[in-house]
Structures are given as C-alpha cells and as structure tokens.
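Here the structure is laid out as structure tokens; the discussion comes afterwards.
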Amino acid sequence: MSKSCSIDLFSPLWRRFHQACQRWQLLEDGDHVLIGLSGGKDSLLLTELLGRQAKIFVPRIKVSAVHVRVRQRNYLADTSYLESFCREAGIPFYVRDTDIVGEEKKSPCFLCAWYRRKSLLDFAQDLGCNKIAFGHHQDDVLHTLLMNLTFEGRNTSIPPCLQLDKMPLRLIRPLWLIPEADIARYAESKGYQPQKVNCQWEDLTNRHRMRGLLEQMEQVNPEVRHSLIHSLGY
C-alpha cells in the first residue's frame, strides 16, 4: 500500500488512542511507561503510538519496551526486528527470559501468561516504571466479556486502567477503543513483520471460540459491539 494510504489508516488509530488516554487519564506528566512488546501487530502499533506521543512532550513521558520469552514455549519473535522497530520509534528495548516452574496441572495458556506477567511486573519495578502498557484492543475486551458471561456469569472484562494493590504499578491499555480489524489493515499497509512462530494453542482456546461467537452476533446485529462495550460502563 502507498504511504498516503498508511497515513489515512493511522489517523483514526491516533484519534482513538488519544480518546482512551484522555477519558481514563492513562498518561500523565512524569510517567515511565513499559510496553509489553510481544511482537504481534497490536503491541507493535502500541509501540509506534507511544513512541510518537513521547516526542510531543505533552504530557512529558518516558517509554521503554520489553519482550519476555518463556523458555518452555516454542512461539518465536524476531528480536532483532523488534529492536530495530523500537529504535525507529525512539524507545529503549529489552529482552527478558523466564521459566515455567512446576504447576504442570495448570493449562499451558495460564502458565505462560502467569510467568510472562510476573517477569514483566518485576522488570518494570527494576526499571523504575510506574505504568505498564498492554496492546489489548477492543476485540480482546469483547472476547473476554463473552468468556466471563458464558463461563462465570460476570459482566466484566479487561479494564482500560487498573492500579495494582500490592505493587506501585498501574496497568494501562491505550488501544481499548480500537477494533482489531483497523489495526490489521494498518499493520498490512506498514508492512509489520509477523512473528516467526505462533503459539501452538492459540486456535484451540475459548478465546478463539469467542471470536467466532462475536462474528455470529455481528451478523444478527452489526452494532452489537457498541452495545456490549456500553454494557461495561467504563
């Protein structure tokens, strides 16, 4: 795609990013934000957006990024590409390795997420960050909502902002208002490099099933995602 096309696709992403930041006060003067950079299109867009925001100086923020690898999992991102991407965005890049220890009876997805999150939280504090930014987008929010309703009877989902009780860290999700399809179109126009090896379980999870359910609901009501988002009351 042309450069002008990429710019046209970027504008609504930038606008919704700012809407989220302003609505939930995700960014404030003096913040040091650590990006959880998985290597997928969502975290790459988050890196591009936060890197651009840091150069504006209002609010005055510092941004870093870290890619956490779990040694017992065979999904793989090209860290040299991630480092180059961050360099272009003006963001320091780090890589951390972690191990899954015991708890074999837990699901592989739970264990991977748990140990990656633990490593991320520990590194954020070592680096002196006060916020961690995740690349969860609107579809992630909706899939989580449908899972919670289906399996737990709870009308809850991923919050746009969460202050941790036991750590001086706040979790923020600046892509909360952005549909995945918009990110995918922009990623293709920019030539984002996909991960080398994807997770072997990603198409076998309840989250993947909720993706199909949401698509069916949108056939019944094309505006259903707006109704679901509104039900959360954020």
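Candidates in the range 41-84 are the residues that are touching a strand residue (DSSP E or B) at 6+ places or on another chain (Cβ under 8 Å) and among the β-branched types (Val, Ile, Thr); of these, the one that is modelled with the lowest pLDDT is 70.
Of all residues in the range 203-234, those satisfying the criterion of being at pLDDT 95 or above and hydroxyl-bearing (Ser, Thr, Tyr) are 227, 231. For the subset of the range 85-101 comprising residues that are farther than 16 Å from residue 127 by Cβ and in a loop (DSSP other than H, G, I, E, B), which member is modelled with the highest pLDDT? Out of the qualifying residues, it is 90. Among the criteria (1) farther than 20 Å from residue 128 by Cα; (2) free of Cβ contacts under 8 Å to residues at least 60 places away in the same chain; (3) under 16 Å from the mean Cα position of the chain (by Cα), the one residue 41 does not fulfil is (2).
Every residue, every condition in (1) surrounded by fewer than 15 Cβ atoms within 10 Å (Cβ to Cβ); (2) in contact with an Asp or Glu (Cβ under 8 Å, 6 or more places away or on another chain); (3) part of a strand (DSSP E or B); (4) of a type outside the set (Lys, Arg), yes or no:
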{"site": "49", "(1), (2), (3), (4)": "no, no, no, yes"}
{"site": "53", "(1), (2), (3), (4)": "no, no, no, yes"}
{"site": "58", "(1), (2), (3), (4)": "yes, no, no, yes"}
{"site": "65", "(1), (2), (3), (4)": "no, no, yes, yes"}
{"site": "80", "(1), (2), (3), (4)": "yes, no, no, yes"}
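From the list 37, 44, the lone residue that is surrounded by 19 or more Cβ atoms within 10 Å (Cβ to Cβ), aliphatic (A, V, I, L, M) and touching a Ser or Thr at 6+ places or on another chain (Cβ under 7 Å) is 37. Taking the criterion of being in contact with an Asp or Glu (Cβ under 7 Å, 6 or more places away or on another chain), modelled with pLDDT under 95 and surrounded by 13 or more Cβ atoms within 10 Å (Cβ to Cβ), the only residue of the range 148-202 that qualifies is 193. The criterion of at least 1 residues that are touching a Pro at 6+ places or on another chain (Cβ under 8 Å) is met, among strands (runs of 3 or more DSSP E) falling completely within the range 125-182, by 131-133, 170-172. Annotation note: Cβ proximity below 8 Å between a residue of the range 207-227 that is touching a residue at least 40 places away in the same chain (Cβ under 8 Å) and of a type outside the set (A, V, I, L, M, F, W, C) and a residue that is in a helix (DSSP H, G or I) and exposed (fewer than 15 other Cβ atoms within 10 Å of the Cβ) (sequence gap 6+ or interchain) occurs for 225/218.
The values are calculated or read from the model by the stated rules, or taken from the named source; none is laboratory data. Nothing here was measured: the structure is a model prediction, and the numbers come from that model. In this analysis, Cβ positions are derived from the backbone assuming ideal geometry, glycine residues included, and neighbour counts consider all displayed protein chains.
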